[in-house]
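The next block holds one structure in the form of structure tokens; read it before the comments.
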Amino acid sequence: MVVTGAEVVVKCLQEENIEYVFGYPGGAVLHIYDELFKQDKVRHVLVRHEQAAVHAADGYARSTEKVGVALVTSGPGVTNAVTGIATAYMDSIPLVVITGQVPTAAIGLDAFQEVDTVGITRPCVKHNFLVKNVEDIAPTIKKAFYLARTGRPGPVLVDIPKDVTAQRCEYDYPRSVAMRSYNPVVKGHQGQIKKAVQLLLEARRPMVYAGGGVIQSNSSEKLVKLVRMLGFPCTNTLMGLGGYPATDRQFVGMLGMHGTYEANMAMQYSDVLLAIGARFDDRVIGDPAHFAQVPRKIIHIDIDPSSISKRVKVDIPIVGNVSDVLDDVLRLIESATSRPDGEALAAWWAQIEEWRGRDCLKYDRASPIIKPQYVIEKLWEVTGGDAFVTSDVGQHQMWAAQFYKFDKPRRWINSGGLGTMGFGLPAAMGVQLAHPGSAVACVTGEGSIQMCIQELGTCKQFRLPLKIVNLNNRYLGMVRQWQELFHGNRYSGSYMDFLPDFARLAEAYGHVGITVESPSDVEGALQEAFERKNELVFLDIKVDQTENVYPMVLGGKGLTEMILSEDL
Amino acid sequence: MRHVISLLLENEAGALSRVSGLFSARAYNIESLTVAPTDDPSLSRMTIVTSGSDDVIEQITKQLNKLVEVVKVVDLSEAAHIERELMLVKVRATGKDREELKRMADIFRGRIIDVTESAYVIELTGNSTKLDAFFDAIDRNLILETVRTGVCGIGRGDRILRI
């Protein structure tokens with residue numbers, strides 16, 4: 001069948017069973033948009049800014065096991081999308097981003113809306129392609145999906161010049177892909193796994209530290225089985241929340257810069273640390289030299305060899321897909337005759353319970369001003385702990401991570417690596433489209449929400465009944481917190497002198513807006529919001545301006561050098 | 001420590017910039033980088049001379065391996081290997097210098113590949129220290145222009161980098 005390049009693009013998306021393409025049209029992608037118009041299998045979601053297209057595709061991908069797809073035009077379409085692409089890259093989210101390019105003959109001539117897309121995006125994609133021949137479109141898109149979803153997932157970009165989408169060729173979607181230069185490891189090294197299991201069974205102060213790799217590889221059940229079988233404590237990274245149920249007794253909370261006292265202490269003083277799909281980043285273990293002061297054996301399971309021994313030297317590296325490696329680990333433990341020393345484990349748990357007794361997340365519950373932590377606790381109660389929660393970046397993100405107890409994977413959607421303000425609302429759109437009928441909350445702040453607030457229009461057009469929980473403290477809260485701690489309370493640029501009336505702004509977009517100013521109104525407002533199942537409700541909640549996120553490990557400090565709220 | 005890293009990569013547009021971009025993005029050193037197609041025209045072979053601690057070199061090889069177009073990576077300097085570099089030197093060759101430069105070229109097993117009334121172009125190959133030594137052996141004031149290819153390397157004996 002002879003078709004145009006644009007038809008090939010759309011047929012490929014159909015072949016990949018893509019439900020939604022998030023995008024924004026423009027000159028270089030007009031042929032593709034024309035083909036999208038002529039069919040109804042792949043639905044197009046028109047965003048209001050290209051950054052949001054990529055975030056929405058990202059939210060869709062994070063909340064499902066699927067690859068998210070975005071489509072933008074050349075030049076500014078691409079540069080606007082870069083923030084979204086970099087966000088996905090840092091968190092290893094599988095995306096295929098299709099970008100229009102100026103016609104082949106115009107490339108390099110500073111044509112209208114021309115940028116070097118492949119060059120600009122190279123450092124923030126897993127891989128990218130410029131397709132110069134119409135026959136190459138189908139094999140390239142096939143490769144793009146394969147690369148995006150296999151190995152360590154990530155965004156893959158396919159740049160297609162306008163003339164190529166108009167040329168005609170025989171359409172044939174390849175059944176399979178083989179790339180001699182790309183063969184991701186799946187199974188872990190059996191000898192290493194054996195050694196790891198031996199070490200786990202001999203541990204006296206064990207700790208399991210699980211990150212986003214558990215979510216990506218859909219291994220939560222296996223993680224839970226392993227942790228319960230061994231009776232070990234477990235912590236999750238910001239990216240790993242929901243990988244182990246937060247309401248379980250063996251869960252010691254999130255670790256890291258704003259992790260719990262018990263999680264950070266247990267990390268530091270463990271004698272055997274099992275790291276699964278996590279990467280010991282700077283926000284997780286603080287100063288690596290301080291972390292190395294306590295001798296411990298580290299087992300590290302990760303699909304990306306370059307994540308192993310990058311910041312922290314490990315003793316037993318296991319390169320492989322977390323799910324496959326955990327299968328092997330579980331099998332070996334089940335058949336092992338020995339079990340970890342019960343007495344040692346009991347003593348370790350007694351120590352952890354003592355740390356837990358510090359109640360590091362306590363806050364003033366009697367405050368006459370709304371405390372942001374209280375709002376998240378109520379959000380958890382009102383939604384039965386079962387909502388999809390997206391967040392933006394800053395204090396509200398940390399409170400959501402600390403106080404919404406995620407029991408299931410893929411429920412917590414946030415920009416962990418890049419820390420992109422403006423992520424929350426568009427990501428929530430992708431989540432809601434992937435899960436129609438489910439409760440989707442976007443926890444945000446008055447700073448972040450304004451970075452992509454135009455998407456309220458998209459939400460109206462596509463009838464997305466999101467619940468926006470705006471923790472409005474009239475400050476760029478995390479910046480203000482650092483300025484309070486490091487810069488002598490000089491709040492340079494962190495106070496917003498003017499803010500819109502968010503409730504009325506939401507109404508202007510045709511949504512429901514509610515302003516909440518008293519603690520006694522919080523629960524009722526949340527209930528009302530979630531009862532309005534078919535409407536987007538924007539809750540503008542005026543919270544304490546001076547509340548800080550604790551515990552806190554200051555930048556460059558050791559993991560156990562935490563500031564607790566009680567110290568102040 | 002100085003390391004010589006050799007890699008095979010797909011001979012495709014943009015592959016070189018992925019490698020050089022990786023080095024600049026992650027602040028790794030590049031002393032020299034050479035690349036050309038191999039006997040199999042679909043593959044290019046690249047030799048990178050870099051330096052760094054063992055941890056940094058480990059990260060460099062891992063990050064290179066991660067690039068989708070890179071097929072194979074070896075650290076040649078881990079074992080016995082040979083390095084060669086080609087240099088062309090244009091020197092002012094007049095009067096008694098003509099004979100002296102000819103003699104030096106011979107001692108260094110170089111060849112004079114272009115001759116004019118006032119200049120020679122000398123071709124020299126060897127490892128980098130030999131080429132450096134040539135500069136010390138002649139009167140530096142006579143040097144008009146130099147160009148070096150950067151190091152290319154290959155393992156000795158049974159060490160073979162092939163797919």
_Here are the criteria: (1) within 19 Å of the chain's Cα centre (by Cα); (2) open to solvent by 30 Å² or more (accessible area, probe 1.4 Å); (3) within 13 Å of chain A (Cβ to nearest Cβ). Tell me which single one B:ILE60 does not satisfy._
(2)
*Scan of segment A:541-559 for residues that are charged (D, E, K, R), closer than 19 Å to A:TRP399 by Cβ and part of a loop (DSSP other than H, G, I, E, B), ordered by number*: A:ASP544, A:GLU547
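Which one is surrounded by the most Cβ atoms within 10 Å (Cβ to Cβ) among residues in segment A:367-403 that are of a type in the set (S, T, N, Q) and outside any strand (DSSP E or B)?
Just the residues of segment A:367-403 that are of a type in the set (S, T, N, Q), to begin with: A:367, A:373, A:383, A:390-391, A:395, A:397, A:402.
Retained after the next criterion (residues that are outside any strand (DSSP E or B)): A:367, A:373, A:383, A:395, A:397, A:402.
Details: A:SER367: 13, A:GLN373: 23, A:THR383: 20, A:GLN395: 24, A:GLN397: 29, A:GLN402: 23.
Step by step, filter segment A:367-403, then rank; the result is A:GLN397.
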*Any chance B:ILE112 is among the β-branched types (Val, Ile, Thr), open to solvent by less than 60 Å² (accessible area, probe 1.4 Å) and within 14 Å of chain A (Cβ to nearest Cβ)*: no
*With the checklist (1) in contact with a helix residue (DSSP H, G or I) (Cβ under 6 Å, 6 or more places away or on another chain); (2) within 14 Å of chain A (Cβ to nearest Cβ); (3) over 24 Å from B:SER17 (Cα atoms) in hand, flag the one item B:LEU67 doesn't pass.*
(3)
*How many residues, within segment A:289-318, are open to solvent by less than 40 Å² (accessible area, probe 1.4 Å), not acidic (Asp, Glu) and not in a loop (DSSP other than H, G, I, E, B)?*
10
*Kindly list, by first and then second residue, each pair from a residue in segment A:525-540 that is assigned by TED's automatic domain parsing to the domain that holds A:THR444 and among the acidic types (Asp, Glu) to a residue that is part of a loop (DSSP other than H, G, I, E, B) and open to solvent by less than 30 Å² (accessible area, probe 1.4 Å), limited to pairs with Cβ atoms under 9 Å and residues at least 6 apart or on different chains.*
A:GLU535/A:PRO465; A:GLU535/A:HIS511; A:ASP540/A:GLU446
*For B:VAL73, work out the one condition from (1) within 23 Å of B:ARG148 (Cα to Cα); (2) in a strand (DSSP E or B) it doesn't fulfil.*
(1)
*So, of the residues in segment A:117-139 that are open to solvent by 20 Å² or more (accessible area, probe 1.4 Å) and under 19 Å from A:THR165 (Cβ atoms), which turns out to be farthest from the other protein chains (Cβ to nearest Cβ)?*
A:GLU135
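Hey, which of the helices (runs of 4 or more DSSP H) in segment A:206-284, taking only ones fully inside, have at least 2 residues that are charged (D, E, K, R) and out of contact with any helix residue (DSSP H, G or I) (no Cβ under 7 Å at 6 or more places or on another chain)?
On the way: elements: A:212-216, A:220-230, A:261-269.
Because the criterion is at least 2 residues that are charged (D, E, K, R) and out of contact with any helix residue (DSSP H, G or I) (no Cβ under 7 Å at 6 or more places or on another chain), the helices (runs of 4 or more DSSP H) in segment A:206-284 that meet it are A:220-230.
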*Check A:LYS187 against each of (1) under 29 Å from the mean Cα position of the chain (by Cα); (2) within 14 Å of chain B (Cβ to nearest Cβ) and name the one condition it does not meet.*
(2)
*Among the residues of segment B:77-90, write down those that are in contact with an Asp or Glu (Cβ under 8 Å, 6 or more places away or on another chain) and either buried (at least 20 other Cβ atoms within 10 Å of the Cβ) or over 17 Å from B:ARG45 (Cα atoms) (or both).*
B:MET87, B:LEU88, B:VAL89, B:LYS90
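So which residues in segment A:162-183 are buried (at least 16 other Cβ atoms within 10 Å of the Cβ) and either touching a residue at least 12 places away in the same chain (Cβ under 8 Å) or in contact with a Phe, Trp or Tyr (Cβ under 6 Å, 6 or more places away or on another chain) (or both)? Spell out how you get there, then give the answer.
Of all residues in segment A:162-183, those buried (at least 16 other Cβ atoms within 10 Å of the Cβ) come to A:162-165, A:167, A:169, A:171, A:181-182.
Selection gives A:LYS162, A:ASP163, A:VAL164, A:THR165, A:GLN167, A:CYS169, A:TYR171, A:TYR182.
In the list A:PHE486, A:PHE462, A:PHE530, which residue meets the criterion of being surrounded by fewer than 22 Cβ atoms within 10 Å (Cβ to Cβ) and modelled with pLDDT under 95?
On the way: A:PHE462 fails: modelled with pLDDT under 95; A:PHE530 fails: modelled with pLDDT under 95.
Exactly one residue qualifies, and that residue is A:PHE486.
The values are calculated or read from the model by the stated rules, or taken from the named source; none is laboratory data. For clarity, every value in this text was computed on a predicted model and none was experimentally measured. So basically every Cβ, Gly included, is an ideal-geometry build from the backbone, and we count neighbours across all protein chains shown. With ligands, DNA and RNA removed, areas are computed over all heavy atoms of the protein, side chains included. Shrake-Rupley method; radii C 1.70, N 1.55, O 1.52, S 1.80 Å.
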